[in-house]
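The values are calculated or read from the model by the stated rules, or taken from the named source; none is laboratory data. Every value quoted in this text rests on a predicted model; they were computed, and no experiment measured them. Cβ atoms come from the backbone with ideal geometry, glycine included; neighbour counts cover every protein chain shown. In case anyone asks, the SASA skips ligands and DNA or RNA and just uses the protein heavy atoms, side chains included. Shrake-Rupley method; radii C 1.70, N 1.55, O 1.52, S 1.80 Å.
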Amino acid sequence: MSKKQLVETTINGEPTEFLCETRQSLLESLRDVLGLTGSKEGCLTGDCGACTVLVDGRPVCSCLMLGVEARGKKITTVEGLAEGTQLHPLQQKFLEDASLQCGICTPGFLMSAKALLDRNPNPTEAEIRYALAGNLCRCTGYDKIVRAVMNAAKVMQGR
Amino acid sequence: MDTPQTHQFKVIGTRPVRHDGLDKVIGRAKYGADYSFPGMLYGKVLRSPYAHARIKSINTEKALRLPGVKAVVTHADFAPQTTAPVYRMGGEAAVNPLYLASNILAKDKVLYAGHGVAAVAATSPHIAEEALALIEVEYEPLPLVLDLLEAMKPGAAIINPDLRRKDKPDEQTNIAGEFQFKRGDIEAGFKAADIIVEREFRTEMVHQGYIEPPNALGIFPGDGHATVYTSTQGPFDVRIMSATLLGLPEGNVKVVPAEIGGGFGAKLTVHIEPVALLLSKHAGGRPVKMVMTRTEMMRGATGPTSGSILRVKMGATKEGRIVAAKAWFAYEAGAFPGSPVWLGCFTGLSPYDIENFLVDGYDVLVNKPKTSSYRAPGATNAAFAVECVVDELANRCGMDPLDFRIRNASREGTQSVMGPKFPRIGYIEVCEAIKNSQHYRTPLAQVPGKYRGRGVATGFWINGGMQSSAIVNVHADGTASLVTGSVDIGGSRASTAMVVAEVLGLRAEDVRPAVADTDSIGYTDGTGGSRVAFATGLAAYQAAHDVVRQLKERAAKVWEISPEDVAWVDGKAISKKNGAPPLTLKELAPRLTRTGGPVTGRANVYATGVGPAFAACLVDVEIDPETAKVQVLRCTVAQDAGKAIHPSYVEGQMQGGTVQGLGWALNEEYVYDEKGTLRNASFLDYRMPTCLDLPMIEPVIVEVANPGHPLGVRGVGEVSIVPPPAAVANAVSMAVGSRITDLPISPPRLFKVLAARRG
Amino acid sequence: MHEFSYEAPTTVDQAVKLLASDGDSARVICGGTDLLIQMRNAVRKPRLLVDVKGIPEMREISFDAKAGLKLGAAVPCIEIHESQVMHRYYPGLTEAAHLIGSLQIQSRASIGGNLCNSSPAADTSPALLAVGAIAKIVGPAGTREVPVEKFFTGPGTNVLQKGELVVQILIPPPAPHTADRYIRMIPRNEMDIAIVGAGACVTLDGDKVAAARIGLGAVAPTPILAPKAAEYLIGKKLDEKTAERAGELARESASPIDDMRGTAEYRRHVVGVLTKRALLGAAERARQN
Amino acid sequence: MPRVFIPSLLRKYTGGQESVVVPGRTVGEVVRNLDQQFPGFRNQVVEGDDLKSSLAVSVDGDIAVGGLLEQVRESSEIHFVPAIGGG
């Protein structure tokens, strides 16, 4: 039973194979097996969103998905958000708008915000707040995060 | 005179991108749990299901036999400890090492559900978890006490048999400490009052709610030198405490501070660092990584802040002058002494200049986790009670609540509750900032079918100074690096680097800030007490001036004049003797080699001149009368920063603290069952605000320069959490026409108030 | 977490065989958003997880005016929310699916999982009760259909036998002038477990109620129907007054408890409030159908 | 001469006086002189050669970083305050 499973998947655009135990979550697989420690562990119950990654374009708490379930999926983590040295507008606005303090929730917020903007390029403040409700931040009071997402949307719309 | 308010700064007051920002948005920043080493093991702690029980035996044999398990340790593996204090925080604070060790791993009794009993290191976290289930602990359950008032009564179950009543040394007690502040004639004061308001308030334990679980990676290879990687607010605190618990000289422990995912006070002490080292020692020196689960940290391993009972009686003349105040505060310490009750006693009444007062405080043991610091520890509880009573007094006097506060305001020269006189403070200014805000000038519109209310409250926090060290290295390309020992929890690398840039005439991005390990920088107290921008900023400022002193000498050499004839003005060396063109650091840097070699500025400070902080909060709420759910509609916060070095991060502190206060006001609380088990030990049921629960938080930075700091800086980290619970309670009380006295104002609690009002 | 095996069959038959192969110790994993937490807390320790997300009929949403809706038990909630059919015919059930956890959770969690986890407070269960949903169950002995009101047997327990799984949710087509609505009470605005949930489905005949069903969550050991409240409304005009009365009758069906999320007293009160609001909301929608 | 403010729970040692004027050039000297006037006071604030771990001392509004060694002026105001507690 403890035999490790081979998982073939795509991570940040790269075809990737990894070995994991069935009981290892996708988060553990990313962090402990693949060394992609950008996704953070906050609660292991899907309540804080710090481990959010995109699975086939949808935001998922990687702590509530098994590594073996990643078979054949396309996974995007915070490490895959920038294109080379070109930051994603969300990353750029988080920096400019001082949207992070301790920074532990930042990768999760970036991924949830990306999932939102990919589907809804021009969201209202209420839509942003709804889309980010699964990500807890304890430092910022959310104000500057919501503003950064609005500003990133403007940049992406060329406004 | 050139003051921080009139001086034209080039860097200070601007909003550059923080130096550590890039790493944090691309996922490269290393937090404690992100470190790994070859051969690393994973540690887990077995925790007590009982809230109070004697440990009769612990059998670890089966656990040790599980394949993959490399070590099991208990309290007995710590070096023997005594109650003699170990100093930390620059000697301003002490810990009782026996209590500390006994809290991390129980000695002979478990004192709360979640109390650590034993720890395991294994080749995977899953195996370590399985091993925990194989450790056999025989408990003898003891009577327990969870309620604060019950715990204070004679005959209550006794948690620490060595604690004795002050007045009757042969009687055991759960009251671990008594505090009193008293001035004037309280009886005469109340006699002079036309209006007296007396209320009892109650609050529950709340958690700091940082998102990153406490972690530690210990390496103790047996050569007597130990290393810990950890996300801590206080690397030097971790060093002294870990060394003490392991029986090592302090210098034999090196603490490498990782990035930290929030702490809010809870990560100023050790939770598992000594355990990781102990496990490593017993596992032949292999590195051991430990990361707590959310349940562990909430059930008790890291300490929430106190629940409290707060009785406040205040009297005022009908003209609106407070003439007497009496307060009785009891705070839960948890299972070991040390609640922040005295800070509550000291801060609660401090915004006001009151001639006659009496404040009594009690630090009370209950079978709940040992409390630890939480942003302005103790102050929020006390302010909740005092600011509600002040609001009622203002109402009864028919005065605007801010005018009432301004009429009674503490100002420069007012004797604080603790005794010393206030230096220049900005209490009146923050009240006025709220009065003048767009928000306050816009009347609250009522809507049919809802109750709406508006509330204000103010808060005070003492702020901290303590010790900091800083090194500024000048590079040959004319840039500089700044090395400090202050962990960056919310932008302090940026603000301290900006101070150096300002002094040296550089751009913010030309100063690279670094946080060093405990071997690589002089002693530095923890990132807490709102002290980093103030005290480490002061060290950075002085270290930069140490560089300037040396640069003046180098310029003098270049110009072949005496150093006294060189001035440093606006980031340039200027010759007072000949007409040589000024030299900037960029121009001097390549000439360092030929003028004497490298330049490094140093400063070690024990900072005095701490500037107290005040904040005021204005909040509008709407209540659904049928479900008793409170929605925050609008919120403005004003705070005196002294001088805002990086305004965005000052605003961030204000907004973040305010939202923690709003969470405390509305839904956050520890819920225990009768056996002393925390029922809501998860982010699902410990309800912190999500972004869908909040409006934008409007910050108003007030700058009343702190005369004790060369740039006028006060601390900004803490005080914003203090006013919101009272502001919300005042707003809700106004909306429903009934005084709210208990936190949180959750729907089931508010429903009771509404039902009682309806009859 | 303990060790276990993992299989991802692509047909219902394979799934049933796998589930039957390991006695009571095999368990279906769908979104896993409840199960993985339970396994981490050692509340459940299955030796085999059977991942059903790759079974086509469990991912299907199809609607037929005569047969009604076939909703694959493994369809993630977010796809339900994005479905035009779901919004048009079952807006209340759709909003219930959209209330489960965050978008991250909705990307994984399914109505089938919500049903089989059988929490008394599950958001979609009252909505399923209101629309008269039926669980299509396949097991070693064949297929059976169980109305949702007969599905639950207690907190966290249900009628599923060894080797059985819920493959689809079947919902009859709504009669003309029918609509549903689901409302829950939580202290925050998201990310919470319902203190009370109320689903209502109303069919109007002119301005009178021709049929009504009311489902309640978090006020009894299982999600329940409130039949008295529904019967009371038949033949009446649905307005503030009758909805209020129905709410009072719904309170009589509830047997709430005190827990960390709310007191029994508060829950009983809120049952009335939410029942009223859900009924008025459903009627408002039904008028436009 | 420096003025020492007596914490309210220690006023039983000073006959109820809220503050006492005492000579001395350092906090330590002031405390020794105060103890001559009110025997027993010193034991309440000093342990060994330092302040008790539960106490800090404030001179003219600032925490005295030198503790008992802190110099005081003729006009100084000295307060004993609780140290930051806990661990």
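The single condition among (1) farther than 22 Å from B:Tyr440 by Cα; (2) facing chain A (nearest Cβ under 8 Å) that B:Ala705 does not satisfy is (2). Within the range A:58-74, if we keep just the residues that are outside any loop (DSSP other than H, G, I, E, B) and of a type in the set (A, V, I, L, M), the residue that is surrounded by the most Cβ atoms within 10 Å (Cβ to Cβ) turns out to be A:Val60.
Here's the yes/no breakdown for (1) part of a loop (DSSP other than H, G, I, E, B); (2) in contact with a helix residue (DSSP H, G or I) (Cβ under 9 Å, 6 or more places away or on another chain):
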site	(1), (2)
B:Asp162	yes, no
B:Lys168	yes, no
B:Ala188	no, no
B:Phe201	no, yes
B:Tyr210	yes, yes
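Here the condition is being under 26 Å from the mean Cα position of the chain (by Cα) and surrounded by fewer than 24 Cβ atoms within 10 Å (Cβ to Cβ); of B:Ala603, B:Ala607, B:Ala613, it holds for B:Ala603 alone. The set of residues in the range B:336-365 that are under 23 Å from D:Ala83 (Cβ atoms) and among the β-branched types (Val, Ile, Thr) comprises B:Val341, B:Thr347, B:Val359, B:Val364. When B:Thr584, B:Thr595, B:Thr636 are checked against the criterion of being in contact with a His (Cβ under 6 Å, 6 or more places away or on another chain) and either under 30 Å from B:Gly715 (Cβ atoms) or not assigned by TED's automatic domain parsing to the domain that holds B:Pro744 (or both), B:Thr636 stands alone in meeting it.
When the residues of the range D:56-66 are filtered to those that are more than 7 Å from chain B (Cβ to nearest Cβ) and within 11 Å of the chain's Cα centre (by Cα), which remaining residue is modelled with the lowest pLDDT? Among residues in the range D:56-66 that are more than 7 Å from chain B (Cβ to nearest Cβ) and within 11 Å of the chain's Cα centre (by Cα), the one modelled with the lowest pLDDT is D:Ala64. With respect to D:Ser53, determine if the residue is at the interface with chain B (Cβ under 10 Å from one of its Cβ atoms), of a type outside the set (Val, Ile, Thr), free of Cβ contacts under 8 Å to residues at least 24 places away in the same chain and open to solvent by less than 40 Å² (accessible area, probe 1.4 Å). Taking the combined requirement at face value, the residue does not satisfy it.
Could you tell me whether B:Tyr427 is surrounded by 21 or more Cβ atoms within 10 Å (Cβ to Cβ), among the hydroxyl-bearing types (Ser, Thr, Tyr) and in the same structural domain as B:Ala705 (by TED's automatic domain parsing)? Against the criterion (surrounded by 21 or more Cβ atoms within 10 Å (Cβ to Cβ), among the hydroxyl-bearing types (Ser, Thr, Tyr) and in the same structural domain as B:Ala705 (by TED's automatic domain parsing)), B:Tyr427 qualifies. Taken over the range B:671-700, the criterion of being away from chain A (no Cβ under 13 Å), farther than 15 Å from C:Arg261 by Cβ and either of a type in the set (S, T, N, Q) or crowded, with 19+ Cβ neighbours inside 10 Å (or both) is satisfied by B:Gly676, B:Thr677, B:Val700.
Of the strands (runs of 3 or more DSSP E) lying entirely inside the range C:1-73, those containing at least 1 residues that are open to solvent by 50 Å² or more (accessible area, probe 1.4 Å) and within 14 Å of chain A (Cβ to nearest Cβ) span C:5-7, C:26-29.
All conditions in (1) aliphatic (A, V, I, L, M); (2) over 22 Å from the mean Cα position of the chain (by Cα); (3) in the same structural domain as B:Tyr440 (by TED's automatic domain parsing) hold for B:Leu358, with the sole exception of (3). Against the test of being within 14 Å of chain D (Cβ to nearest Cβ), open to solvent by 40 Å² or more (accessible area, probe 1.4 Å), out of contact with any Leu (no Cβ under 9 Å at 6 or more places or on another chain) and more than 24 Å from B:Gly717 (Cβ to Cβ), the options B:Gln446, B:Gln415, B:Gln438 yield a single qualifying residue, B:Gln415. Only a single criterion out of (1) within 24 Å of B:Ala379 (Cα to Cα); (2) open to solvent by less than 10 Å² (accessible area, probe 1.4 Å); (3) within 11 Å of another protein chain (Cβ to nearest Cβ) is not satisfied by B:Val722, namely (3). The set of residues from the range A:19-57 being in contact with a Pro (Cβ under 7 Å, 6 or more places away or on another chain) and open to solvent by 30 Å² or more (accessible area, probe 1.4 Å) comprises just one member, A:Glu41.
Rundown of residues vs (1) in contact with a Gly (Cβ under 8 Å, 6 or more places away or on another chain); (2) buried (at least 17 other Cβ atoms within 10 Å of the Cβ), yes/no style:
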residue	(1), (2)
D:Ser8	no, yes
D:Val27	yes, yes
D:Gln36	no, no
D:Asn43	no, no
D:Gly48	no, no
D:Gln71	no, no
D:Ala83	no, yes
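Might you check whether a residue that is assigned to a loop (DSSP other than H, G, I, E, B) and either outside the structural domain of B:Ile428 (by TED's automatic domain parsing) or buried (at least 22 other Cβ atoms within 10 Å of the Cβ) (or both) occurs anywhere in the range B:733-742? The answer is yes, given that some residue of the range B:733-742 is assigned to a loop (DSSP other than H, G, I, E, B) and either outside the structural domain of B:Ile428 (by TED's automatic domain parsing) or buried (at least 22 other Cβ atoms within 10 Å of the Cβ) (or both). Based on this model, can you work out whether C:Gly215 counts as in a strand (DSSP E or B), open to solvent by less than 10 Å² (accessible area, probe 1.4 Å) and either touching a Gly at 6+ places or on another chain (Cβ under 7 Å) or of a type in the set (D, E, K, R) (or both)? So C:Gly215 fits the description; yes. If you check B:Lys557, B:Lys577 for being modelled with pLDDT under 95, more than 32 Å from the chain's Cα centre (by Cα), farther than 26 Å from B:Ile645 by Cβ and not polar (S, T, N, Q), only one passes: B:Lys577. Tally time: how many residues in the range C:193-210 are over 16 Å from C:Gly247 (Cα atoms) and open to solvent by 10 Å² or more (accessible area, probe 1.4 Å)? Within the range C:193-210, residues that are over 16 Å from C:Gly247 (Cα atoms) and open to solvent by 10 Å² or more (accessible area, probe 1.4 Å) number 8.
Listed by position, the helices (runs of 4 or more DSSP H) inside the range B:20-132 whose residues that are open to solvent by 50 Å² or more (accessible area, probe 1.4 Å) and within 14 Å of chain A (Cβ to nearest Cβ) number at least 2 are B:21-25, B:125-132. Can you say whether B:Glu668 is assigned to a loop (DSSP other than H, G, I, E, B) and open to solvent by less than 10 Å² (accessible area, probe 1.4 Å), as far as the supplied structure shows? Yes; evaluated as a whole, the condition is true for this residue. Being modelled with pLDDT under 95 and at positive phi is true of B:Gly90. Annotation note: of B:Ser492, B:Ser469, the sole residue that is within 14 Å of chain A (Cβ to nearest Cβ) and modelled with pLDDT of 95 or more is B:Ser492. Here B:Gln653 fulfils each of the conditions (1) of a type in the set (S, T, N, Q); (2) facing another protein chain (nearest Cβ under 10 Å); (3) open to solvent by less than 10 Å² (accessible area, probe 1.4 Å) apart from (3).
Of the residues making up the range B:313-335, at least one is surrounded by 24 or more Cβ atoms within 10 Å (Cβ to Cβ) and not in a strand (DSSP E or B). Can you tell me which residue among C:Glu265, C:Glu231 is surrounded by fewer than 16 Cβ atoms within 10 Å (Cβ to Cβ), within 14 Å of another protein chain (Cβ to nearest Cβ) and touching a helix residue (DSSP H, G or I) at 6+ places or on another chain (Cβ under 9 Å)? Exactly one of C:Glu265, C:Glu231 is surrounded by fewer than 16 Cβ atoms within 10 Å (Cβ to Cβ), within 14 Å of another protein chain (Cβ to nearest Cβ) and touching a helix residue (DSSP H, G or I) at 6+ places or on another chain (Cβ under 9 Å), namely C:Glu265.
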